[in-house]
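The values are calculated or read from the model by the stated rules, or taken from the named source; none is laboratory data. Keep in mind that what you see is a predicted model, and the values were worked out from it rather than measured. Note that we place each Cβ from the backbone using ideal geometry, even for glycine, and neighbour counts take in every protein chain shown. Quick note on the areas: whole protein, heavy atoms, side chains included, nothing else; ligands and nucleic acids left out. Shrake-Rupley method; radii C 1.70, N 1.55, O 1.52, S 1.80 Å.
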Amino acid sequence: MSRVDGRACVRGAAAGAVLLLLAGCGSGDDGGGAAKALGRAEVSSVLPDARAMPGWRTHLEPEAQEPVPEYPPSVCLAVDRKKRGIACDRITYWGVSAFVRKPDVTSLDYWVLAYPDEKTADAAYDAIATYYGGDRVGVGAVPVDIGEPGEERESNRAGTGTMGGPATITQLRVGTTVLGISTGTQGRKAVPDREVKAFAAMFAERARQAQDGEKPSAAVAGG
């Protein structure tokens, strides 16, 4: 897994047809203070919607909810009971949104796990990364270069995923949140690196905007 110090502000643009449209990166005067814990509506706002994903058809509208202790979020997965407790027991809110794109029958899923503080989110990221990292996306998975969004990140691609074609799984930590992105296709062509990188940068920026008290507005350009 990859780390950087501090709270980076994403202002770049991915190469090619998929570009980030970032409407600012916060006031920049937080002085490196503690990141904000997000409420339910804020978690929902972090999830990309149709405006953030031109060229994709919405499959699941952004929706956040409070976890039920007996049934942890379906996207909170770990390799053993101890790590599952670290990753899942202190989630405050979680949510998902999903998209599809034809003609290559590509799916794109986003999820957010929100925590009460950065320390808890950091430990949760590490626990979840042991599950989602490496070959979990498929046999022979290789790393995908997504730059440096968030404080921690990892992305891997396999030639054959759950849909039969190439797939990627990306995990990020941004402040008090752990974010996930997965792509899959029934076709033979993988979602290009530049798109995976753009998705990660956009999603991380939306989480940062929410934690800075702004309405998330980051989007990808395409269509």
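The residue of segment 84-123 that is most open to solvent (accessible area, probe 1.4 Å), among those that are among the aliphatic types (A, V, I, L, M) and over 22 Å from P48 (Cα atoms), is I86. Taking the criterion of being farther than 19 Å from S97 by Cβ and either modelled with pLDDT under 90 or among the aromatic types (F, W, Y) (or both), the residues of segment 142-165 that qualify are A158, G159, T160, G161, G164, G165.
What residue, of A13, A50, A41, A23, is of a type outside the set (F, W, Y), under 17 Å from A218 (Cβ atoms), at pLDDT 95 or above and surrounded by fewer than 19 Cβ atoms within 10 Å (Cβ to Cβ)? Break it down stepwise before answering.
Working: A13 fails: at pLDDT 95 or above; A41 fails: under 17 Å from A218 (Cβ atoms); A23 fails: at pLDDT 95 or above.
Step by step, each of A13, A50, A41, A23 is checked, and only A50 is of a type outside the set (F, W, Y), under 17 Å from A218 (Cβ atoms), at pLDDT 95 or above and surrounded by fewer than 19 Cβ atoms within 10 Å (Cβ to Cβ).
Taking segment 67-78 only, how many residues are without any contact (Cβ under 8 Å) to a residue 40 or more places away in the chain, surrounded by 13 or more Cβ atoms within 10 Å (Cβ to Cβ) and either touching a helix residue (DSSP H, G or I) at 6+ places or on another chain (Cβ under 7 Å) or small (G, A, S) (or both)? Counting residues in segment 67-78 that are without any contact (Cβ under 8 Å) to a residue 40 or more places away in the chain, surrounded by 13 or more Cβ atoms within 10 Å (Cβ to Cβ) and either touching a helix residue (DSSP H, G or I) at 6+ places or on another chain (Cβ under 7 Å) or small (G, A, S) (or both) gives 1.
Annotation note: Cβ proximity below 7 Å between a residue of segment 149-161 that is under 12 Å from Y125 (Cα atoms) and a residue that is modelled with pLDDT of 95 or more and of a type in the set (S, T, Y) (sequence gap 6+ or interchain) occurs for E152/Y125. For segment 56-90, a residue qualifies if it is modelled with pLDDT of 90 or more, part of a loop (DSSP other than H, G, I, E, B), out of contact with any Pro (no Cβ under 6 Å at 6 or more places or on another chain) and farther than 17 Å from S182 by Cα, and the qualifying residues are E66, D80, D89, R90.
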